[in-house]
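Down below is the structure, laid out as structure tokens.
Taken together, the values in this text are just the output of simple stated rules run on the coordinates, not laboratory data. Keep in mind that this is a model prediction, so the values were computed, not measured. Cβ placement follows ideal geometry from the backbone for every residue including glycine, while neighbour counts extend to all protein chains displayed.
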């Protein structure tokens, strides 16, 4: 989770974490990196993604699972697009 969020923190205007009432340190880690946390019981993979999209504050989204992270090349590409 930490690796995922740290890879996106500089490129995202908002980081939204939908937590399925986990018992690990997910919420604490996400809060420490400035994420907005929404607790939502697990409804199913597709339903959780749909719920997250509905909660987002911006029209463009990058959706990552906790075990994914942006490569440095992708981070730089996103920053270039945002600069123009």
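Can you tell me which residue in segment 11-43 is farthest from residue 62 (Cα to Cα), limited to those that are under 12 Å from the mean Cα position of the chain (by Cα) and exposed (fewer than 12 other Cβ atoms within 10 Å of the Cβ)? In this case the residue turns out to be 34. Contact map, segment 7-26: residues that are free of Cβ contacts under 8 Å to residues at least 12 places away in the same chain and at positive phi paired with residues that are surrounded by fewer than 12 Cβ atoms within 10 Å (Cβ to Cβ) and outside any loop (DSSP other than H, G, I, E, B), Cβ distance under 8 Å, separation 6+ or inter-chain. No pairs are found.
On the basis of being within 21 Å of residue 78 (Cα to Cα) and out of contact with any helix residue (DSSP H, G or I) (no Cβ under 6 Å at 6 or more places or on another chain), does residue 35 make the cut? Here the answer is yes, as residue 35 does meet what is asked.
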